[in-house]
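Okay, structure first, notes after.
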Amino acid sequence: MTRVPSGLAGLDKLLDGGFPQNSCTLLSGGPGTGKTLLSLNFVESRVDANEKSCYISFNEDTTGLFRAAEGTGLEIEKTAIKHMDLLEDINVTDFIKTIETYPKLDRLVIDNINKLLLFSKDKADYRHQLYRLINFLRKNVKATLLICETDNGMDTGNGEAFECDGVVGISFLELEEIPMRTIQIHKMRYTAIEPKVAHELVIESTGLKLSERKGI
Ligand SMILES: Nc1ncnc2c1ncn2[C@@H]1O[C@H](COP(=O)(O)OP(=O)(O)OP(=O)(O)O)[C@@H](O)[C@H]1O
Ligand SMILES: [Mg+2]
């Protein structure tokens, strides 16, 4: 199985080398957990200069993304950043066409998938659109991260975790009264994982990393 490194050595170790090639992973978490930074780190950690990365944000504009990365050691200058204004409906057919204008992408991030739900007719329509999008991404991009804003669960309760090949959650945990950010792999198809073990995610001026600390 060919793997696409996640950008975090510690996470790659847990994933047998990285995300399975041609997979789509849901990156879920609450506000401020580190979804954007982890994803920027993923697109910026290209293995070689020929790899093509794309970060699509419905949340922040280019300036916002640069600001988010400031002070974290992330160099996002070379990354292709596409900002889409939410002035019109987000329609999956148009969205797929937009992604097709960037052929042969290696790494793609969509920040975030919740916006698609906002513009769907109903839950069934959303699930169907999501299915179409994920199938397209599997065939056209080596590894995709779909960011999902959640409260506590793995997804919004509308099937995102079932549709995606993998689910990685970031959350805050208090271990011995010391609060920390943690990453949990809830699911990763084609990969032997240690489910539910929470590994500490550290965000600091020199970058992002997984520490040795973990909790259940
Ligand atoms: N150099 C740094 N050292 C420590 N923490 C930092 C540093 N830079 C940013 N952070 C923290 O990382 C947090 C996570 O940022 P990020 O934008 O990735 O979260 P997010 O999950 O995308 O949030 P949102 O749901 O609001 O989009 C920031 O809120 C900030 O507190
Ligand atoms: Mg964010």
For MET154: the one exception among (1) touching a residue at least 24 places away in the same chain (Cβ under 8 Å); (2) of a type outside the set (Lys, Arg); (3) away from ligand 2 (no atom under 16 Å from the Cβ); (4) surrounded by fewer than 17 Cβ atoms within 10 Å (Cβ to Cβ): (4)
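Conditions (1) in contact with a Pro (Cβ under 6 Å, 6 or more places away or on another chain); (2) closer than 16 Å to LEU27 by Cα; (3) not charged (D, E, K, R), marked per residue:
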residue	(1), (2), (3)
HIS128	no, no, yes
ARG132	no, no, no
ASN135	no, no, yes
LYS139	no, no, no
THR144	no, yes, yes
GLU163	no, yes, no
SER171	no, yes, yes
TYR190	yes, no, yes
Within segment 147-178, residues within 16 Å of ligand 1 (Cβ to nearest atom), in contact with a strand residue (DSSP E or B) (Cβ under 7 Å, 6 or more places away or on another chain) and not in a strand (DSSP E or B) come out as THR150, MET154, ASP155, THR156, GLU160
Give the residue that is nearest to the chain's Cα centre (by Cα), with candidates limited to residues of segment 30-44 that are polar (S, T, N, Q) and outside any loop (DSSP other than H, G, I, E, B). SER39
Of the numbered conditions (1) basic (Lys, Arg); (2) at pLDDT 95 or above; (3) surrounded by fewer than 20 Cβ atoms within 10 Å (Cβ to Cβ), LYS214 fails exactly one; give the number of that condition. (2)
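Rundown of residues vs (1) on the phi > 0 side of the Ramachandran plot; (2) part of a loop (DSSP other than H, G, I, E, B); (3) acidic (Asp, Glu); (4) away from ligand 2 (no atom under 16 Å from the Cβ), yes/no style:
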residue	(1), (2), (3), (4)
LYS115	no, no, no, no
ASP125	no, no, yes, yes
ARG132	no, no, no, yes
ASN135	no, no, no, yes
LYS142	no, no, no, yes
Working only within segment 45-74, note down all residues that are more than 13 Å from ligand 2 (Cβ to nearest atom), more than 23 Å from GLY18 (Cβ to Cβ) and assigned to a loop (DSSP other than H, G, I, E, B). GLU70, GLY71
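Yes or no, residue by residue, for (1) at pLDDT 95 or above; (2) farther than 23 Å from VAL43 by Cβ:
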site: ILE110; (1), (2): no, no
site: LEU137; (1), (2): yes, no
site: GLU149; (1), (2): yes, no
site: LEU175; (1), (2): no, yes
site: PRO179; (1), (2): no, yes
site: LYS196; (1), (2): no, yes
Scanning segment 17-74 for residues that are under 20 Å from MET1 (Cβ atoms) and of a type in the set (Phe, Trp, Tyr), the one farthest from ligand 1 (Cβ to nearest atom) turns out to be PHE19
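The values are calculated or read from the model by the stated rules, or taken from the named source; none is laboratory data. Because the structure is a prediction, the values reported are computed rather than measured. We place every Cβ from the backbone using ideal geometry, glycine too, and count neighbours over all the protein chains shown.
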